[in-house]
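The values are calculated or read from the model by the stated rules, or taken from the named source; none is laboratory data. These figures come from a predicted structure and were not determined experimentally. When we count neighbours, we look across all protein chains shown, and the Cβ atoms used for this are built from the backbone with ideal geometry, even at glycine. With ligands, DNA and RNA removed, areas are computed over all heavy atoms of the protein, side chains included. Shrake-Rupley method; radii C 1.70, N 1.55, O 1.52, S 1.80 Å.
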Amino acid sequence: NAEDLFINETYFVQPLGDTSIGERGIDAQTWSSTEYLSLTMRGDVTVFGVNFIDGRIKGYPRYQPPTGVVPRSMYFRMVRGNTSYGLNNFVDNGDGTVTDLATGLMWQQADDGNTRDWEDALEYAEGSSRGGFGDWRLPNSKELQSIVDYTRSPDVTHSAAIDPIFSATSFSDPDGNPGQYGHYWTGSPLLDGPNPYLSAGYVAFGEAQGRLNGNLMDAHGAGAARSDPKTGDPADYPQYHGPQGDVQYVFNYVRIVRDANVVTSSESGLDQLPDKIQLDQNYPNPFNPQTLISFSLPESGEISLKVFDLLGRVVASLASGTYTAGSHSVSWRANDRPGGRYFYSLETASAIETKSMILIK
C-alpha cells in the first residue's frame, strides 16, 4: 500500500517489489554503503540496507545465495555534500549522561539492566530525572539509529554496536551463548501491517538473531532496526517470527534521550554563515570542571582546536579534521588539570583565533 511507505513521497519515488516475477511487495530494498563487520545467515558477506516499504534496516547478503558468487541486486540512492553527516561528537557529562554535539541530543549513558514491555519503557523514560532533567523520552527510530556504531559488533569487537563512551548490558541468547547484547525500544509505533500500533520499533545493538531451520544465527546484523509486539506474557517469549525467524523478546532494554539545547551545524543555516572564522568565549567562564567552547566556520575545511597552559604547552586537543560550514560546539572537562588561566586556539588553513579562560578549583 503506497500510504504505508517509510519515505516522503512528496519528494521521492519508491517502487514496490515486482509481484509478476514472484517478488513480494516488500522486496524493494535499498543499499547503503555500510558493510557489516561480521557475517550473517550462512556466513554471508553482508551490507546494510533500508527497506522503505516495511521500515526495516537490515544486513543483506552482498552476493546472491546460495552460491555466494553472483552479486545481489537491490535499489540504491545517491547522495552528495556534508561528509560529516552522521559523525557523532560525544561528550561525557560526568553525571551518567552523554551529549552528542552533532545532533544536540543528550543520552542515558548506561541502561539500567532491566527489560520492559513498550508501555513500561515509556513510563520509565517519562518518569526519569537523570542528571536533574525531567524531560526524558524514548528516542524515535531515527534518533536511536544515530548512535549505532557500525565499526563495532559482538563477533568482532566483543561489544555492542555502540561507542565505548556508552555501556550496554550483556546476556546469554536463547541458546545459552554468552556475549549477546539487547534490543532497545524506540518510541515509534509500527503503523503498517494488518494490526497497526500493536508493535513498535527497536534497534538491535547486538546481533539481530533469527532461527532458521532450527538454528539460531545472526540474521540481520548488529545495528539492524526491526519491531516487536508492544506487550505479551513474559512466559511466552522469546518467540520467532517471519521468514528469517526473527527472535522476539518483547521485553527489551531502554536508553532514554532528551534535547540538550546545544547548537549544531545543521541548525545554523546557510544564510547565517560568518564571513570569517569566529571563536566564542567559553561558557561558563570561570568554570569547574567543564566548559563549552563554540565556534563558527564560513566554509568547510580542516580545523584544529587545542587548549594550552600559560607556558604554551598543549594540554588538550578538542577537535581536529574536516568540519562543515556553520556552528559547532565542543566540551572540555578539566578534572585532571590544576586551576588557573588557560588559552584555547582555533586554527584553520587561513586564520588562527585564540581566547583565554579560567579554571577554578
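The rows are residues; the columns are (1) surrounded by 14 or more Cβ atoms within 10 Å (Cβ to Cβ); (2) under 15 Å from the mean Cα position of the chain (by Cα); (3) at pLDDT 95 or above; (4) within 28 Å of Pro229 (Cβ to Cβ).
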{"residue": "Pro71", "(1), (2), (3), (4)": "no, no, no, no"}
{"residue": "Leu87", "(1), (2), (3), (4)": "no, yes, no, no"}
{"residue": "Val91", "(1), (2), (3), (4)": "yes, yes, no, no"}
{"residue": "Leu105", "(1), (2), (3), (4)": "yes, yes, no, yes"}
{"residue": "Leu122", "(1), (2), (3), (4)": "yes, no, yes, yes"}
{"residue": "Ser146", "(1), (2), (3), (4)": "yes, yes, yes, yes"}
{"residue": "Tyr150", "(1), (2), (3), (4)": "yes, yes, yes, yes"}
{"residue": "Pro154", "(1), (2), (3), (4)": "yes, no, yes, yes"}
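Selection of first residues in the range 89-111 that are in contact (Cβ under 8 Å) with a residue 12 or more places away in the chain and of second residues that are of a type in the set (D, E, K, R) and open to solvent by less than 40 Å² (accessible area, probe 1.4 Å), restricted to Cβ pairs under 7 Å at least 6 apart or on distinct chains, gives the following pairs, ordered by first then second residue: Asn89/Asp100; Phe90/Asp100; Leu105/Glu143; Met106/Arg258; Trp107/Asp100; Trp107/Arg255; Gln108/Arg255; Asp111/Arg255. Could you list, in sequence order, all residues of the range 50-69 that are touching a strand residue (DSSP E or B) at 6+ places or on another chain (Cβ under 8 Å), modelled with pLDDT under 90 and over 29 Å from Gly104 (Cα atoms)? Across the range 50-69, the qualifying residues are Gln64, Pro65, Gly68, Val69. Any residue at all in the range 128-151 that is aromatic (Phe, Trp, Tyr) and over 22 Å from Asp218 (Cα atoms)? Yes: one or more hits.
Somewhere in the range 194-206, is a residue touching a His at 6+ places or on another chain (Cβ under 9 Å), assigned to a loop (DSSP other than H, G, I, E, B) and either modelled with pLDDT of 95 or more or among the basic types (Lys, Arg) (or both)?
Yes; the residues of the range 194-206 include at least one that is touching a His at 6+ places or on another chain (Cβ under 9 Å), assigned to a loop (DSSP other than H, G, I, E, B) and either modelled with pLDDT of 95 or more or among the basic types (Lys, Arg) (or both).
The single condition among (1) within 15 Å of Ile256 (Cα to Cα); (2) in contact (Cβ under 8 Å) with a residue 40 or more places away in the chain that Gly131 does not satisfy is (2).
Assess whether Ser317 counts as being surrounded by 12 or more Cβ atoms within 10 Å (Cβ to Cβ), closer than 30 Å to Arg80 by Cα and of a type in the set (Ser, Thr, Tyr). No. Taken over the range 73-85, the criterion of being modelled with pLDDT under 90 and either hydroxyl-bearing (Ser, Thr, Tyr) or under 19 Å from the mean Cα position of the chain (by Cα) (or both) is satisfied by Asn82, Thr83, Ser84, Tyr85. Just one of the numbered conditions (1) closer than 30 Å to Met106 by Cβ; (2) open to solvent by less than 70 Å² (accessible area, probe 1.4 Å); (3) modelled with pLDDT under 95; (4) of a type outside the set (A, V, I, L, M) is not true of Gln278: (2). Only a single criterion out of (1) on the phi < 0 side of the Ramachandran plot; (2) in contact with an Asp or Glu (Cβ under 8 Å, 6 or more places away or on another chain) is not satisfied by Val250, namely (1). The number of residues in the range 326-354 being open to solvent by 20 Å² or more (accessible area, probe 1.4 Å), of a type in the set (A, V, I, L, M, F, W, C) and within 29 Å of Thr97 (Cβ to Cβ) comes to 1. A search for C-beta distances below 6 Å between a residue of the range 270-287 that is under 24 Å from Trp332 (Cα atoms) and of a type in the set (A, V, I, L, M, F, W, C) and any residue that is open to solvent by less than 60 Å² (accessible area, probe 1.4 Å) and modelled with pLDDT of 90 or more, counting only pairs 6+ apart in sequence or on different chains, returns Ile277/Leu297; Ile277/Thr348; Ile277/Ala351; Leu279/Phe295; Leu279/Leu346.
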